[in-house]
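As structure tokens, the structure follows; a few thoughts come after it.
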Amino acid sequence: MSARRQGWVLAVYTAFVFAFLFVPVLMVVLFSFNKTASFTFPFHGWSLQWYRSVFSSPDYRSAIFASLKVALLTVAIVTVIGTLAAIAVTRYATRGRETLRSILLVPAALPGLFLGIALLSLFIRTKTDLSLGTAAVGHVIYTLPYFFLVASSRLLRFDPMLEESARDLGASSFTTFRKVTLPIIAPALIAGALVVFSLSWDEVLITFFTIGSQNTLPLLIYSKVKQASDPSINAISTLLLTGSLVFIVGVRKFVADLQT
Amino acid sequence: MRERPPGSLQIEHVTKVFEGAPAVKDFNMEIGAGEFVSLLGPSGCGKTTLLRMVGGFEFPDEGRILLDGQDITELVPNKRPVNMVFQRITLFPHLNVAQNVGFGLRIAHVTKAETSKQVTEALELVRLPGFERREVQTLSGGQAQRVALARAIVNRPRVLLFDEPLSALDLQIRRELQVELKDIHRELHGTFVYVTHDQEEAMSMSDRVVVMRLGEIEQVGSPVELYRSPASLFVASFVGSSNVIPVKALRMDDGSIAVELGGTVVRATASEGVVPGADAALVLRAESISLEPANGGGPSGGSGIASLRGRVADVRFVGAMVHYRVDVAGTRLHAIQSSEGSLLEEGSDVDVSWRMEEALVLPGRGDVTTPTPKDETDDGSGV
């Protein structure tokens, strides 16, 4: 095969892969602007009606708020617990550090189904009412390992002599943490928090078992897909996609900060 | 920067054990206010551990540390009126130069205006005027350590501690900073305790040098004392560039001793503990040896001068000085001569001589030269 032909074949292959990856995405975006309720070609013309129906629907609104509440609560809890855990494991656990690390990372490896069922049976046994709070508990367990990984890898690169310097200059251990350690590791913690937010935002399995009667956004979309073909899910999906893109750009900025 | 508190330090029988192995053993010493004292020794000799105990980063297992009579042994670092310049660059990366230097003052609730005034003064003292707004990432290694020094002295500590602060720098910048550090010491009249493994650094800056080995004091003295009368072979081989040659001590008469050096008997100055018949080593400084082109009549020494015939094995010209290696009496000596006049040639015969009082005989086996850290741990495990 000539070099030119080889290049041509590779180009076609690459185009095919990209088409496979992105055509479904583009279809969703395209049909979110469709005039009629059809999901298939022919395309009948442009309209914003599905977006209007998303914004006017109380279901969507309450689901978005529920998702936000769960995600923000999860982020708040995980950031505090995860930072403390990372400091404890990287600084103070001289013996058994690897064991502790492994144990902390286990929940990420557990099947979501298993975690969901385990939590549900726990809540039933302790007679805890299912709510956004119990869903957040599930999300905390599931996202903590990811945050811990980001935070502890930053702390492992942190020179403890910076803290000794601060102590030497008169700072108490708390002041040292507040004025030296925290500001230096903050970009990593923010990056970890963003990861946690995005994991929590579209988590389905654990949420399904632990949330009770309320709906988060992914659960609502799932139920709508099951019930009937409601084209508004194209619109909400497109909105989520846009949100994710903005989000990724934000995360990349922090990740870039991390590497300096 | 006047009205400085005295800053005298008493280290009383301090011992520190790490995982069963003593890092510092019964260290006992007093450091006077305003003194510049260096702790010198190979890595693993306990000098850094001792410094860190004074700084409050380690706590002794036994003994006490007193600062101006007050017991600070158990005090946490932030409660001690001492400051440290670390070996690595430990400037806070999220703060600029002025914020780094002013860190201690802000912690101590000094007003902003006063802090910025003192920061400016401190930066002038370390020869970095106008660096306030610079980001620390833009500093060279030498500049960063100057800022670290400013960050320490701005708090007017009673004792300034240095943990090999120049060891990561280029030789030239290092020599430059050594001179400046001595000037700064003179300006501040402060007590400086300086840890280093570089004997030239210790000798050139300090009032007194503490040579440490295996966690213990080997010898304390002024640089001149250490150089002229080393108390042990270890000190002799660590300080200056010495030839340490195993010899046989023959007989002794009032302070002078006859030793056999490769079949020739020479006289030398005996130090304490030398016993005729026992192992001994002749310590001969490279710069005390004088080399002359051999004349026909054979070596002829006057009274008090040892003279031997040798052959030049190697010549190294380094500018003001020439380094020779000379084979003489079955051993190879390192000799340093001024490079003025004509140089000796490789392979030529020379008369090798030295004054009797420049040659020191110490007890011990002379085949132990400057111990490496590996030797240290080998020795340590046997203790």
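The values are calculated or read from the model by the stated rules, or taken from the named source; none is laboratory data. A quick note: this is a predicted structure, and the numbers were derived from the prediction, not measured. Counting neighbours? That spans all protein chains shown, and the Cβs are built from the backbone with ideal geometry, glycine included.
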Cβ-Cβ under 8 Å pairs, at least 6 apart or on other chains, the stretch B:24-36 side closer than 15 Å to B:Met205 by Cβ, far side among the acidic types (Asp, Glu)
B:Glu35/B:Asp207; B:Phe36/B:Asp207
Criterion (in the same structural domain as B:Arg186 (by TED's automatic domain parsing), free of Cβ contacts under 8 Å to residues at least 40 places away in the same chain and buried (at least 17 other Cβ atoms within 10 Å of the Cβ)) met by exactly one of B:Gly44, B:Gly20, B:Gly56:
B:Gly56
Are any residues in the stretch A:169-216 among the aromatic types (Phe, Trp, Tyr) and touching a helix residue (DSSP H, G or I) at 6+ places or on another chain (Cβ under 7 Å), and if so, which ones?
A:Phe197, A:Trp201, A:Phe208, A:Phe209
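Which members of the stretch A:227-241 meet the condition of being among the hydrophobic types (A, V, I, L, M, F, W, C) and without any contact (Cβ under 8 Å) to a residue 60 or more places away in the chain?
First pass over the stretch A:227-241, keeping only residues among the hydrophobic types (A, V, I, L, M, F, W, C): A:228, A:233, A:235-236, A:239-241.
Hits for the stretch A:227-241 are A:Ala228, A:Ile233, A:Leu240.
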When the stretch B:94-113 is examined, which residues are found to be more than 8 Å from every other protein chain (Cβ to nearest Cβ) and free of Cβ contacts under 8 Å to residues at least 40 places away in the same chain?
B:Ala98, B:Gln99, B:Arg106, B:His109, B:Val110, B:Thr111, B:Lys112, B:Ala113
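Can you tell me which of A:Thr176, A:Thr134 is among the hydroxyl-bearing types (Ser, Thr, Tyr), within 14 Å of chain B (Cβ to nearest Cβ) and not in a loop (DSSP other than H, G, I, E, B)?
On the way: A:Thr134 fails: within 14 Å of chain B (Cβ to nearest Cβ).
Going through A:Thr176, A:Thr134 in turn, the sole match is A:Thr176.
Looking only at residues in the stretch B:54-79 that are of a type outside the set (A, V, I, L, M) and at the interface with another protein chain (Cβ under 8 Å from one of its Cβ atoms), which one is nearest to the chain's Cα centre (by Cα)?
So the first thing to find is which residues in the stretch B:54-79 are of a type outside the set (A, V, I, L, M), and the list is B:55-64, B:68-71, B:73-74, B:77-79.
Add one more test, that the residue is at the interface with another protein chain (Cβ under 8 Å from one of its Cβ atoms), and what stays is B:55-57, B:77-78.
Values: B:Gly55: 20, B:Gly56: 23, B:Phe57: 23, B:Pro77: 26, B:Asn78: 29 Å.
Here the residue is B:Gly55.
Of these, B:Ala168, B:Ala150, which one is part of a helix (DSSP H, G or I) and either within 14 Å of chain A (Cβ to nearest Cβ) or touching a strand residue (DSSP E or B) at 6+ places or on another chain (Cβ under 9 Å) (or both)? Let's see the steps before the verdict.
Details: B:Ala168 fails: part of a helix (DSSP H, G or I).
On inspection, the qualifying residue turns out to be B:Ala150.
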Please determine, by comparing only the residues of the stretch B:125-142 that are surrounded by 13 or more Cβ atoms within 10 Å (Cβ to Cβ) and closer than 20 Å to B:Arg174 by Cα, which one is nearest to the chain's Cα centre (by Cα).
B:Gly142
Looking at B:Glu62, is it acidic (Asp, Glu), under 16 Å from B:Leu161 (Cα atoms) and in contact (Cβ under 8 Å) with a residue 40 or more places away in the chain?
no
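Go through the stretch A:111-124 residue by residue and tally those that are surrounded by 11 or more Cβ atoms within 10 Å (Cβ to Cβ) and free of Cβ contacts under 8 Å to residues at least 24 places away in the same chain. Steps first, please.
Within the stretch A:111-124, the subset surrounded by 11 or more Cβ atoms within 10 Å (Cβ to Cβ) is A:112-123.
Checking which are free of Cβ contacts under 8 Å to residues at least 24 places away in the same chain leaves us with A:114, A:118, A:121-122.
The number of residues fulfilling the criteria is 4.
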Checking the structure you have, find out if any residue of the stretch B:153-161 is surrounded by 22 or more Cβ atoms within 10 Å (Cβ to Cβ), assigned to a helix (DSSP H, G or I) and either of a type outside the set (Ser, Thr, Tyr) or touching a Phe, Trp or Tyr at 6+ places or on another chain (Cβ under 7 Å) (or both).
yes
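Only one residue in A:Phe148, A:Phe208 is away from every other protein chain (no Cβ under 13 Å) and either in contact with a Phe, Trp or Tyr (Cβ under 7 Å, 6 or more places away or on another chain) or buried (at least 20 other Cβ atoms within 10 Å of the Cβ) (or both), so which one is that? Let's see the steps before the verdict.
On the way: A:Phe208 fails: either in contact with a Phe, Trp or Tyr (Cβ under 7 Å, 6 or more places away or on another chain) or buried (at least 20 other Cβ atoms within 10 Å of the Cβ) (or both).
Exactly one residue qualifies, and that residue is A:Phe148.
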Only one of these conditions is not met by A:Gly212: (1) in contact with an Asp or Glu (Cβ under 8 Å, 6 or more places away or on another chain); (2) part of a helix (DSSP H, G or I). Which number is it?
(2)
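Going by the conditions given, is B:Leu91 buried (at least 16 other Cβ atoms within 10 Å of the Cβ), of a type outside the set (D, E, K, R), away from chain A (no Cβ under 13 Å) and within 22 Å of B:Gln178 (Cα to Cα)? Give the derivation first.
Numbers: buried (at least 16 other Cβ atoms within 10 Å of the Cβ): yes; of a type outside the set (D, E, K, R): yes; away from chain A (no Cβ under 13 Å): no; within 22 Å of B:Gln178 (Cα to Cα): yes.
Spelling it out, it is not the case that B:Leu91 is buried (at least 16 other Cβ atoms within 10 Å of the Cβ), of a type outside the set (D, E, K, R), away from chain A (no Cβ under 13 Å) and within 22 Å of B:Gln178 (Cα to Cα).
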Tell me which residues, restricted to the stretch B:98-122, are more than 35 Å from the chain's Cα centre (by Cα) and either part of a helix (DSSP H, G or I) or surrounded by fewer than 16 Cβ atoms within 10 Å (Cβ to Cβ) (or both).
B:Arg106, B:His109, B:Thr111, B:Lys112, B:Ala113, B:Glu114, B:Thr115, B:Ser116, B:Lys117
Out of the stretch B:180-196, which residues are in contact with a helix residue (DSSP H, G or I) (Cβ under 8 Å, 6 or more places away or on another chain) and not charged (D, E, K, R)?
B:Leu181, B:Ile184, B:His185, B:Leu188, B:Gly190, B:Phe192, B:Val193, B:Tyr194, B:Val195, B:Thr196
